[in-house]
Amino acid sequence: MTACELVECPVVVGTAGHVDHGKSALIEALTGKNPDRLEVERRRGMTTELGFGELVLPSGKIVGLVDVPGHAHYLRAMVQGATGVDVALLVVSAVEGVMPQTREHVHVLELLCVTHMVVALTMRDLVDDETAELAELDVEAFLEGTVFAGASVVPVSSKTGEGLGELLAVLDDAVCSCLSERLEATAGSGDTPRLPIDRCFSIRGTGTVVTGTLHDGPVSVGDELVALPSRTHCRVRGMQVHGDTQRAVPGQRVALNLVGDGVAHLKRGEMLGVEGCVGQTLRFLMRLTYVGHDGARSGVLASGTRVHVMAGTAEVLGRIMLLDDEPPLAVGETRVVQVRLERPLPLRAGDHAVILSHSPISLLGGGRVLLSRCRRSRDLSAGERALLGALDAGDRAAAVAAWLGLQRLPVPAAAAARALDLSGVEAAALLHGTVSSGDAVALHAERSTEELYAAPAVLDAALAALSDALAAMHEAAPKQTGFTPGEVAHAAWPTAGEDVASALVLEGCARGICAQEASEVFDPHSAAAAIRVVREASQRIVAALDEAGLGAATLPEVGEQLQLDRDAMTRALRELSLNRAIVKIERDVALSAAAEAHAREVVAAAIETAGGAATTSVLREALGVSRKRAISILEHLDAVRFTTLDKDAGGLRSLR
């Protein structure tokens, strides 16, 4: 790549450092543009607001640039500007060396998990070699105890241009390293975009424009977005990233031209994202490192302390609540804490939050958000501690398994994605992994293609509730052979949706806990289930005998044809005989009630036709059956006194 081949690079370089150490002057020397936008800033020579620009590196990469205020009074603006910074440009005066805001800004960068830094030792033209060397040693000694230990220190002069070329080259190397890590971390993530707004203004003829550093996913012209917490819906009409473009990717500084009701009232602190994929919270859990008031390394942080919570470009008042009645946090200690907010804060797991004291404003600490939504209680269960431990360790698979263990019923992948702030792709992959490892069970609803997931213990408990509910329902209504799926679900799992209940019933059927036929669910081991079996067998026997008519097979043959076991057949025949649904004409032969009634009609008609009495041969012919079956039918009719046999008259039968 040659210097003339300019390529937009999704990396943001941000300044940091003490007031009057020459941050804005250095940016102007590197870019040719003064980052101070306000007239009052230029008049006073002190940055009070965030400044933005672009920087062309020797390799041709174009990166976004953020200039932050250095005065302690503007710490909040510095934190807002540092959000989204990938490579820090720490500016330290060779005249003064490391100062209070130098330390404070470095602490902020550490808490925001910035890992790449280049140090510009400014005002080199104002000091001799020995002083410059001492200042460099001072910087190196300070950084030794931070994640920036070993960062390159480049002496420069914004006035004479000394060292600027070397500084750009070192920055180029840092950007390349950062870019490689970013591309590896975001490959295939499938995330949707989030844009913390740091500026909102109107341009005549264009309309409302917001700017910020893009996070998580790409955004394109035409995308529909929503701003939180105001819930302002809007559409991207146009955008710029170092010039007009149709699409921006995470890590780029972007300006969006928005259209929609209320967009003119958007302000710094709002978060733009895709509806349903961006959320906000009033309580969250984070891993907090307490650095002490003013970085002075003294005092403790007690539960209930009121603070300013800063995440993205938003700032909300809240309170730090320690868990399980733990003692106050000592300076330098890191611990998982609950943060309760006074207003909703757009946030997701993995974000970094900075905590400032309520008054006067100074840095207290910060860290990574583990869970963006949590219950109010600070007494954690063993399952919740397992979840936090997995989140803290960055083990997402273990976190998903632990979260499933906290649920009461099976859940879809979308629920896990919302709770743990995962993309749909990530959630599905992790859940399939937990199923493969045996830490979860996948279920399917009857009329849905969406899989549901449950921890084995959760599923066992839900099925035990199903068994108990069915037993109680059968006991309360012993004459009912079954219940509707809705009735069963309401009794076993009152909060379950239709898909969850359907999946659990199917799983219960697979495990023999329940059975489902037609629109009824029942306990296959209950007395009602036995009644159901007899009733169904009876219905099948009668149907078979009806179809066979007067030529019905023997009862053992009927049982074999219907594949009924001996016990079911015996009980069904007893039930049918008592109800007179069948009529036995031999020990192992029976006719259905309808067939027997038909036989009476045929015999009566034949006798009347024969003049009031008929022979067995005539009646057999009328019945249309074998002689043996005809005799069985006629003897039955004699026995029930429908006909009478006159042996003295040559075996003629007549009606009684």
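Kindly indicate whether Thr289 is over 24 Å from Val114 (Cα atoms), among the β-branched types (Val, Ile, Thr), open to solvent by 10 Å² or more (accessible area, probe 1.4 Å) and touching an Asp or Glu at 6+ places or on another chain (Cβ under 8 Å).
Against the criterion (over 24 Å from Val114 (Cα atoms), among the β-branched types (Val, Ile, Thr), open to solvent by 10 Å² or more (accessible area, probe 1.4 Å) and touching an Asp or Glu at 6+ places or on another chain (Cβ under 8 Å)), Thr289 does not qualify.
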Quiz item: How many of the residues in segment 635-656 are in contact with a helix residue (DSSP H, G or I) (Cβ under 7 Å, 6 or more places away or on another chain) and at pLDDT 80 or above?
Solution: 7
Quiz item: Going by the conditions given, is Pro524 exposed (fewer than 15 other Cβ atoms within 10 Å of the Cβ) and assigned to a loop (DSSP other than H, G, I, E, B)?
Solution: no
Quiz prompt | Exclusive hit being of a type in the set (Lys, Arg) and within 17 Å of Leu591 (Cα to Cα), set Arg511, Arg540, Arg535 | solution = Arg540
Quiz item: Restricting the search to segment 606-642, which residues are polar (S, T, N, Q) and under 17 Å from Ala595 (Cβ atoms)?
Solution: Ser626, Ser632
Practice problem: State the number of residues belonging to segment 237-259 that are open to solvent by less than 40 Å² (accessible area, probe 1.4 Å) and either in a loop (DSSP other than H, G, I, E, B) or over 20 Å from Thr83 (Cα atoms) (or both). | Solution: 11
Self-check item: Residue list for segment 148-167, restricted to those being in contact (Cβ under 8 Å) with a residue 24 or more places away in the chain and among the charged types (D, E, K, R)
Solution: Lys159, Glu162
Exercise. Any chance you could count how many residues in segment 367-380 are within 24 Å of Val500 (Cβ to Cβ) and open to solvent by 50 Å² or more (accessible area, probe 1.4 Å)?
Key: 2
Exercise. For segment 323-336, enumerate the residues that are under 31 Å from the mean Cα position of the chain (by Cα) and either modelled with pLDDT of 95 or more or open to solvent by 10 Å² or more (accessible area, probe 1.4 Å) (or both).
Key: Asp324, Asp325, Glu326, Thr334, Arg335, Val336
Exercise. Only helices (runs of 4 or more DSSP H) wholly contained in segment 18-130 count here; list those with 3 or more residues that are closer than 20 Å to Leu164 by Cβ and open to solvent by less than 20 Å² (accessible area, probe 1.4 Å).
Key: 23-31
Exercise. Give segment 536-574 a look and list any residue that's in a helix (DSSP H, G or I), out of contact with any Leu (no Cβ under 9 Å at 6 or more places or on another chain) and farther than 27 Å from Leu634 by Cβ, or say none.
Key: Glu536, Gln539, Glu560, Leu562, Arg566, Asp567, Ala568, Thr570, Arg571
Practice problem: Scan segment 354-366 residue by residue and report those that are open to solvent by less than 10 Å² (accessible area, probe 1.4 Å) and out of contact with any Phe, Trp or Tyr (no Cβ under 8 Å at 6 or more places or on another chain). | Solution: Val354, Ile355, Leu356, Ser357, Ser362, Leu363, Gly366
Quiz prompt | Number of the exception - Leu356 against (1) part of a strand (DSSP E or B); (2) under 29 Å from the mean Cα position of the chain (by Cα) | solution = (2)
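Is it the case that Leu282 is farther than 20 Å from Gln101 by Cα, open to solvent by less than 20 Å² (accessible area, probe 1.4 Å) and not in a loop (DSSP other than H, G, I, E, B)?
So Leu282 does not fit the description; no.
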Quiz item: Among the numbered criteria (1) at pLDDT 95 or above; (2) more than 48 Å from the chain's Cα centre (by Cα), which single criterion is violated by Asp129?
Solution: (1)
Practice problem: State whether the residues of segment 600-612 include one that is under 30 Å from Val534 (Cβ atoms) and either part of a loop (DSSP other than H, G, I, E, B) or of a type in the set (Asp, Glu) (or both). | Solution: no
Self-check item: Number of positions in segment 192-236 that are surrounded by fewer than 22 Cβ atoms within 10 Å (Cβ to Cβ), among the hydroxyl-bearing types (Ser, Thr, Tyr) and within 27 Å of the chain's Cα centre (by Cα)
Solution: 4
Quiz item: Residues in segment 581-593: is at least one under 24 Å from Thr643 (Cα atoms), assigned to a helix (DSSP H, G or I) and open to solvent by 70 Å² or more (accessible area, probe 1.4 Å)?
Solution: no
Self-check item: Residue that is surrounded by the most Cβ atoms within 10 Å (Cβ to Cβ), among those in segment 452-510 that are of a type outside the set (Asp, Glu), assigned to a helix (DSSP H, G or I) and in contact (Cβ under 8 Å) with a residue 60 or more places away in the chain
Solution: Leu504
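The values are calculated or read from the model by the stated rules, or taken from the named source; none is laboratory data. The shown structure was predicted, so the numbers you read here are calculated from the model rather than taken from an experiment. Note that each Cβ is placed from the backbone with ideal geometry, even for glycine, and that neighbours are counted across all protein chains shown. Protein only, heavy atoms only, side chains kept; ligands, DNA and RNA dropped before computing areas. Shrake-Rupley method; radii C 1.70, N 1.55, O 1.52, S 1.80 Å.
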